[in-house]
Amino acid sequence: MSDIIDNLLAGRRLAPEAVARVQAAIAEGMAPDQALVESGVMPEDELLSFLAEEFGVGRVDLESRSPSRDFLAAFPARVLFKHRLLPLSIQEDGSVLVAVSRLFETAGLDELRLLVGRELRTVLASRVEIERCLKRDLGVGADTVQSLVSDADAAVEVLDQESDDTMDLSEAAADASIVRLVNEILLEALESRATDVHFEPFENELRVRYRVDGVLKDAAVPLAARRFQAAIISRLKILAHLDIAEKRLPQDGRIKLRIAGREMDIRVSVIPMLYGEGVVLRLLDREAALIGLESLGMADSDCAVFQRVLGLPHGIVLVTGPTGSGKTTTLYAALSRINDVERKIVTIEDPIEYQLRGINQIPVSGKTGLTFARGLRSILRHDPDVILIGEIRDRETADIAVQASLTGHLVFSTLHTNDAPGTPTRLIDMGVEPYLVASSLEAVVAQRLVRLICPDCREALPAAEAERACRQHGLEDLRTLYRGIGCRQCQNTGYRGRTGIFELMMVGDPMRNLILERASAQALRELAEARGMNSLRRDGWRLVLAGRTTVEELLRVTKDEPGNGNGNGLAADH
């Protein structure tokens with residue numbers, strides 16, 4: 001240790017006042033190289049370069065050199081994960097080249113050497129890269145699955161035989177290894193910024209997928225996890241307080257837990273399928289900061305209009321779009337803007353996704369019979385100024401929302417329609433009288449979420465491709481367009497993060513007349529666009545031309561929307 005510190009000081013790479021922190025960490029049991037990193041004295045990359053030069057050890061970039069899955073499968077996953085060791089290849093002399101991130105932690109190397117019966121040669125690599133390669137090539141929780149496979153206890157026999165013995169299955173689900181495996185999958189989902197986790201049973205595998213930035217991708221899970229499918233699903237059902245003996249009917253529940261120090265609410269949906277029960281988890285980060293109205297991604301002009309809508313004394317404001325398009329986030333941002341001591345705001349939601357300070361929130365409950373309609377009737381007796389209805393699902397809820405708006409309340413809600421102009425016709429189709437829709441509806445916001453180009457790997461499109469895209473979509477002059485080429489920061493997708501594109505339709509007197517006449521959605525669109533409304537695709541081009549998203553991403557989320565056309569006329573607007 002003293003030699004390392006002396007050499008670092010001699011090279012002026014470590015300030016003398018940092019030595020005390022490093023020595024304190026070593027006194028607590030850390031290895032010297034780990035102490036330098038964990039105490040914040042030196043970045044890992046800088047330390048690895050120094051150690052490679054100091055001790056003549058090789059340095060490897062695992063982005064360009066990583067082992068095959070078949071090669072890794074020959075080594076004990078438990079040891080590799082525990083000590084963060086990554087075997088790379090067999091050398092000519094029969095030794096195994098192993099990537100390590102901690103040069104002075106030799107216990108894992110000694111254990112691996114005894115188990116494989118070969119000499120080991122070490123090279124240095126980033127700890128994060130080693131962990132990523134192990135998870136990608138062996139699967140999340142591969143060490144746990146390997147220990148389960150090798151364990152021939154009664155629980156495994158019960159699962160293999162798919163016994164209906166509820167007590168045995170409950171005990172298997174509570175097994176420490178199953179608990180650890182489920183925790184590892186959830187932790188990996190959180191680290192991947194996933195919003196949903198899908199457990200999908202098939203004949204020969206248990207497929208696990210994460211939805212990241214709105215797109216599903218496979219999670220690396222060992223094939224052997226299929227043997228323990230029943231225990232994994234039962235573990236999730238136990239956490240959600242569901243009936244593990246019921247395997248023929250859908251069930252819904254919720255899990256509250258802390259993952260990596262963050263409080264999470266998880267909505268659980270279980271549905272029987274051909275080869276077992278499928279489970280979908282919706283991850284809701286309770287500690288995530290609610291974004292402000294200006295951070296939603298609205299164009300400045302639309303944001304200014306929307307803020308004026310929030311100042312209305314009464315009426316209905318609807319946010320529309322498919323599931324997962326950010327409707328709730330927009331509504332919460334709106335409520336946060338008008339939340340003050342002079343207004344009483346009451347919400348009824350299914351479920352309550354985020355807790356808002358100073359706002360009265362009511363959860364819908366199927367068990368007690370508290371529906372949106374029943375809750376709304378009670379809310380009106382609580383003297384509210386503003387009401388948020390999680391979703392208008394039926395005529396009864398729609399009728400009460402309209403009556404609430406006509407009696408002096410500002411009502412916010414969501415509705416599942418493809419675009420803003422289709423909203424009035426949807427309400428009429430639900431059975432609400434046209435004159436009620438025309439007199440109560442004030443504004444409709446349709447929205448989608450588009451993925452943003454990863455800032456770490458963003459590059460300009462070749463001029464020929466950009467010119468072809470511009471001409472295809474009606475731009476008269478050539479613009480610089482961008483794309484992401486993929487890197488480790490964005491998991492090689494080229495995208496990281498999302499923002500909204502919006503279609504804000506104000507309901508004025510001309511439009512009220514059309515609604516009274518039961519005009520088509522296309523007629524409403526033509527009037528709205530004539531009065532300045534941007535379509536979703538047109539609004540998305542604002543982000544494309546700003547270099548924040550790609551043409552392909554915009555077409556992916558708006559391709560089936562009526563009235564968007566092919567983007568003709570964009571040049572005049574931009």
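The values are calculated or read from the model by the stated rules, or taken from the named source; none is laboratory data. This structure is a prediction, so every number in the text was calculated from the model and none was measured. Methodologically, a virtual Cβ is constructed for each residue, glycine included, from the backbone with ideal geometry; neighbour enumeration extends over all protein chains shown. Areas reflect the complete protein model, heavy atoms only, side chains present, ligands, DNA and RNA absent. Shrake-Rupley method; radii C 1.70, N 1.55, O 1.52, S 1.80 Å.
Go through (1) at pLDDT below 95; (2) surrounded by fewer than 21 Cβ atoms within 10 Å (Cβ to Cβ) for residue 470 and report which single condition fails.
Result: residue 470 passes all but (2).
Does region 40-63 contain at least one residue that is touching a Leu at 6+ places or on another chain (Cβ under 9 Å), within 15 Å of residue 132 (Cβ to Cβ) and in a loop (DSSP other than H, G, I, E, B)?
Yes, because at least one residue in region 40-63 is touching a Leu at 6+ places or on another chain (Cβ under 9 Å), within 15 Å of residue 132 (Cβ to Cβ) and in a loop (DSSP other than H, G, I, E, B).
Mind checking whether some residue in region 282-299 is at pLDDT below 95, open to solvent by 20 Å² or more (accessible area, probe 1.4 Å) and in a helix (DSSP H, G or I)?
The answer is yes, given that some residue of region 282-299 is at pLDDT below 95, open to solvent by 20 Å² or more (accessible area, probe 1.4 Å) and in a helix (DSSP H, G or I).
Among the candidates 263, 246, single out the residue that is open to solvent by 30 Å² or more (accessible area, probe 1.4 Å), in a loop (DSSP other than H, G, I, E, B) and without any contact (Cβ under 8 Å) to a residue 60 or more places away in the chain.
Sole residue among the options that is open to solvent by 30 Å² or more (accessible area, probe 1.4 Å), in a loop (DSSP other than H, G, I, E, B) and without any contact (Cβ under 8 Å) to a residue 60 or more places away in the chain: 246.
Can you find a residue in region 13-24 that is in a loop (DSSP other than H, G, I, E, B), farther than 17 Å from residue 122 by Cα, over 37 Å from the mean Cα position of the chain (by Cα) and not aliphatic (A, V, I, L, M)?
The answer is yes; a qualifying residue exists.
Name, by its number, the condition in (1) part of a strand (DSSP E or B); (2) among the β-branched types (Val, Ile, Thr); (3) at pLDDT 95 or above that does not hold for residue 362.
Of the numbered conditions (1) part of a strand (DSSP E or B); (2) among the β-branched types (Val, Ile, Thr); (3) at pLDDT 95 or above, the odd one out for residue 362 is (3).
Could you tell me which residue of region 478-516 is least open to solvent (accessible area, probe 1.4 Å), considering only residues that are among the charged types (D, E, K, R) and in contact (Cβ under 8 Å) with a residue 12 or more places away in the chain?
Step by step, filter region 478-516, then rank; the result is 503.
Among the residues of region 340-355, which ones are at pLDDT 85 or above, out of contact with any Phe, Trp or Tyr (no Cβ under 8 Å at 6 or more places or on another chain) and open to solvent by less than 70 Å² (accessible area, probe 1.4 Å)?
Passing the criteria: 340, 344, 345, 346, 347, 349.
Test residue 252 against the stated conditions and say whether it is under 26 Å from residue 136 (Cβ atoms), open to solvent by 70 Å² or more (accessible area, probe 1.4 Å) and not aliphatic (A, V, I, L, M).
no
Only one residue in 381, 337 is touching a residue at least 12 places away in the same chain (Cβ under 8 Å), open to solvent by 60 Å² or more (accessible area, probe 1.4 Å) and among the basic types (Lys, Arg). Which one?
When all the criteria are applied, what remains is 337.
Whether any residue in region 532-550 is more than 19 Å from residue 447 (Cα to Cα) and among the basic types (Lys, Arg) is what I want to check.
no
On the given criteria, is residue 255 under 23 Å from the mean Cα position of the chain (by Cα), assigned to a loop (DSSP other than H, G, I, E, B) and touching a residue at least 12 places away in the same chain (Cβ under 8 Å)?
no
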